Amino acid sequence: MKLKNFGNYGYKYIYLSFSLIVSFWAISLFALFMAASSGIGQTNLASSFGYKLLNDFWAGTGIALLFFPLYLLFFFIKKPIGNILIKVLFCVFIIGQFALVKYHLTTLVNLGADLLGYSFDDMFTTVSASESLSLLYFLPFVIFPLLFFGVNYGFNKFTNERQIFASAIILVLVFGSAKIIFSESSETDHQNKMYYLGADIYRFQQEKNLMNAYNLSGRNDYPLLKPFQNSKDVLSPFFNIQEEKPNIVFIIVEGLGGEFVGKNDYRGFTPYIDSLIQKSLYWENFVSNSGRTFGVLSSLLGSLPYGEKGFLEQNPLPSHFSLISVLKANDYTTSFYGGDNSSFDRKINFLEYNEIDHIIDENSFGPEYVKTQTNAGGFSWGYPDEEVFKKTLAEMDDKKMPRLDIVMTLTNHEPFDFPSKSVYLTKVDSILKSKQILGVKKVEILAYKDIFASLLYTDKSIENFMKAYAKRPEFENTIFIITGDHRLIPIAQKDKLCRFHVPLLIYSPMLKKPEKFKSISSHWDVTPSLLAFLMNNYKFNKLKETSWMSQGLDTAKQFRNIHQIPMMRYKGGINDFIFRDYFYADGELFKINENFGTIKVNEPELLKMAADSLLEFKKLNAYLTKKNRIFPDSLNIYTQPAVQFTEEQMATIKDVTKGLTYDQTFLVAREFAFKKDYKNARLLCDYILNEFPNYTDARTLKGRTLAWEGNFKNAEEQLLNVLKRTPYYDDNYLALLDLYWWSKRDEKAIGIAEKAKEHEIKNPEIGFKLAQAYQRMDNLNDASKVMDSILKQYPTNETYINFKKSLK
């Protein structure tokens, strides 16, 4: 009897397992339908669906086998609980599979170990940008679990144990044979998304363990350290050198892949950049070192290794220097301009470590600038490209020359919203109707119409910026460097290499003539070559040692590669490698042709050589970053490390912040401050600011605690720092006005209040504190005028009424 009960219990599990597999199949069918309806499609729909069925079957079978021991355990404890638990777990897998399919439909890449490289806030920001969250959006997350229960009900009602057992045997034999025969079914696009996520995270952890096991204790050298005199100046032959140091402008274009410029496949939607190519030094076979934005600043401006999940993700950052810090040490005014929050991807941590003078980000734009409208989910990345360039030009007027200006665009990113979008969509239609020869079918352009409109908008924004800059007196002595951070992700990729293929243009009125180069170089090569050029031709404090990851740009006109270029596709994944004229990716080897296309090759010796070389780089990368062996602290005169905590301070931090988010930690810091425990309040503020330098409330609280202790000088320094970072944050103005009251500096209070007025800060308390400052200075007339304007808006406020009466 017990054996029969066990058999029935076991068959119920088989029913549940088949229901899971059928649900996976339904989700794959949905994915193919959505891809085809959006115009993405598959080269062979039938084979693609077959491969997905195959992989879904084995993924479902694997999940079933994994949880069977747990199900079995409840046979001896309480059978109904085991049944309910497995149903819940399988529903979680179904919801997870659908979420991952949605991610793939948006980005055209599978989500893998890169999930581990992003904070919850960063993931929420990215998802909010890509999707408009609504009730309709969440409906399939309910439908597919309901389908699972419906299928399970059908199996139980309309089949018997023999039928389901025989079906299971047949399917295992059929799908097992198919897995062996059709090796192409293992390609990434066809894999079950839950399986890919799990397998990629497992691979990442295995690799992490391997790197941790690698003996880092037996060496203390700095393997990258080389004399600067060994750096080759390859750019001088192309320039007419002037006496004054040149201004440098970097334009880092979101998603600008090499396929979208020049004569490449998706040509025709960057007309201005294409015209600039004809006047520039242009590297057409150029690559980014990362597959997303997280790696561009450290690679392009620092030629730095990756660390475990991207260089900027390390906290604290290893000792290093960059183009920013070296130019700042040579009297350049250094500035960064972006329309989003500079805390995203920890950009601000890198910029501030290198002591950049000015960071202009989302917090720095006034009401005269138009922010990108929010999507249906209420999300906006920040300010669109045209506004960023306008802000850049406005800010330049007050900056001492020579300047290093770094501009990052962001409009070419989901959700591809920007001002006057309808105008640019019409322009896409005009291009499609024209006789212009395109590199792809028009139906493909229409499938991604928003994206191509966005490219046109960004291109026009760059054109407007360059034309306005050309009217400035310093234009003749400026070098412009334009590149992409990575290739646009939401448009299908022809191969794995094109994810990294971006253009590099160096344009300047100082150029002798334009040139095109077919040789391969990467972002790692830009700073070494630029600094070699500057130091060889201008009055610079010479670098004695360098620690670049690469030796500099290759200016050979013929196709060749003299570099070894490992690339981090996503945070945590260094699986791509350019080696000679070969591209190694995910254990496969491809030959690169001079048009930067690839073809898979079977060359076992070269495959092993590439795999071994990449492994050696991974070991080097781990040693450099884990042991802080990029550049010696003793030689680093260029940068400002984050606050370093003592062991005692770290113990306090860990004890107080255990299980807390940074926002919750701030509330604890505020409680400390209210209890007059200013030391621990500031300790927690520093802890927060090490991670988020633009956490305005924390920096303001730190300034307030210093003021409460009477340390007015340092308090003012902190609060003015906040003002510089976020000039439209009203609480900081109030904190400064209080500070100047307590320190009896009412003249400064009036200046701060005027600045608030200039920035159109709408807070009556600022005006009230200004009136109080006038009163303390016996300027009752101006105090009365200020109060009159406040009382017009708040005529019933007793505090304001009584103060106004006291002025008589």
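Shown for the range 513-641: the carbon plus sulfur share of the solvent-accessible area, taken with all protein chains present and a 1.4 angstrom probe, equals 49%. Apolar share of the accessible surface for the range 322-411: 46 percent from carbon plus sulfur atoms, 1.4 Å probe. When a 1.4 Å probe is rolled over the protein heavy atoms, the share of accessible surface on the range 657-808 that falls to carbon and sulfur comes to 50 percent.
In this structure, the amide hydrogen of Glu515, modeled 1.01 Å from its nitrogen in the peptide plane, lies closer than 5 angstrom to those of Ser280, Leu281, Tyr282, counting only residues at least 5 positions away or on a different chain.
Between the residues Ala611, Leu531, Gly659, the greatest Cα displacement towards the positive end of the dipole of the range 523-663, with unit charges on the Cβ of Lys, Arg, Asp and Glu, is found for Leu531. Mean sequence separation of contacting Cα pairs (under 8 Å, at least six apart), scaled by the length of the range 513-621, corresponds to a relative contact order of 20 percent.
Ranked by the mean number of other Cβ atoms within 10 Å of their residues, highest first, the peptides 342-349, 65-72 come out as 342-349, 65-72.
Across the range 245-383, C-alpha contacts under 8 Å between residues 6 or more apart give a mean separation that, scaled by the residue count, equals a relative contact order of 15 percent. Rolling a 1.4 angstrom probe over the protein heavy atoms with all chains in place gives the range 336-454 an accessible area of 39 Å² per residue.
Put simply, the amide H of Ile406, placed in the peptide plane, has neighbours under 5 Å in Phe250, Ser335, Phe336, Tyr337, leaving out anything fewer than 5 places away on its chain.
The magnitude of the dipole of the chain, with charges of +1 and -1 set on the Cβ of Lys/Arg and Asp/Glu and taken from the Cα centre, is near 1300 debye.
Here the range 734-765 and the range 404-445 have alpha carbon centers that stand 45 Å from each other.
Over 27 Å between Cα atoms: which of Lys347/Lys399; Lys626/Lys654; Lys467/Lys494; Lys232/Lys600; Lys347/Lys400; Lys441/Lys467 fall into that group? Check vs 27 Å cut-off fails for Lys467/Lys494; Lys232/Lys600; Lys441/Lys467.
Solvent-accessible area per residue in the range 580-739 equals 50 Å², computed with a 1.4 angstrom probe and all protein chains kept.
Residue ranges 599-606, 728-735 sort as 728-735, 599-606 when ordered by packing (mean number of other C-beta atoms within 10 Å per residue, highest first).
Could you work out how far helix 161-181 tilts from the main Cα principal axis of the chain, as a 0 to 90 degree angle to the nearest 10? The angle comes out at about 70 degrees. For the range 349-358, putting each phi into the Karplus relation 6.51 cos²θ - 1.76 cosθ + 1.60 with θ = phi - 60° gives couplings of 5, 5, 5, 6, 4, 8, 6, 4, 6, 9 Hz, in residue order, rounded to whole numbers and with x for Gly and Pro. Here the 3J(HN,Hα) profile of the range 52-63, calculated from phi with Karplus coefficients 6.51, -1.76 and 1.60 at θ = phi - 60°, is 5, 4, 4, 6, 5, 4, 6, 5, x, 5, x, 4 Hz, Gly and Pro shown as x. One entry in [x] 27.4; [y] 29.9; [z] 33.4 is Kirkwood radius over Cα pairs in Å calculated from the shown coordinates; its label is [y].
Computed from backbone phi with θ = phi - 60° and the Karplus coefficients 6.51, -1.76 and 1.60, the 3J(HN,Hα) list for the range 794-808 is 10, x, 9, 6, 5, 4, 5, 4, 5, 5, 4, 5, 5, 7, 7 Hz; x is used for glycine and proline.
With respect to the cross-link table entries Lys557/Lys619; Lys427/Lys762; Lys679/Lys769; Lys328/Lys518, which display a Cα-Cα separation exceeding 30 Å? Listed pairs above 30 Å: Lys557/Lys619; Lys427/Lys762; Lys328/Lys518.
Please report the relative contact order for the chain, taking Cα pairs under 8 Å with a sequence separation of at least 6, and give it as a percent rounded to a whole number.
Numbers: 1261 pairs, mean separation 127.1, N = 808.
For the chain, the relative contact order is 16 percent.
The values are calculated or read from the model by the stated rules, or taken from the named source; none is laboratory data. Owing to the predicted nature of the structure, the values given are computational and were not obtained by experimental measurement. When we count neighbours, we look across all protein chains shown, and the Cβ atoms used for this are built from the backbone with ideal geometry, even at glycine. Accessible surface is based on the protein model in full, side chains and every heavy atom, while ligands, DNA and RNA are left aside. Shrake-Rupley method; radii C 1.70, N 1.55, O 1.52, S 1.80 Å.
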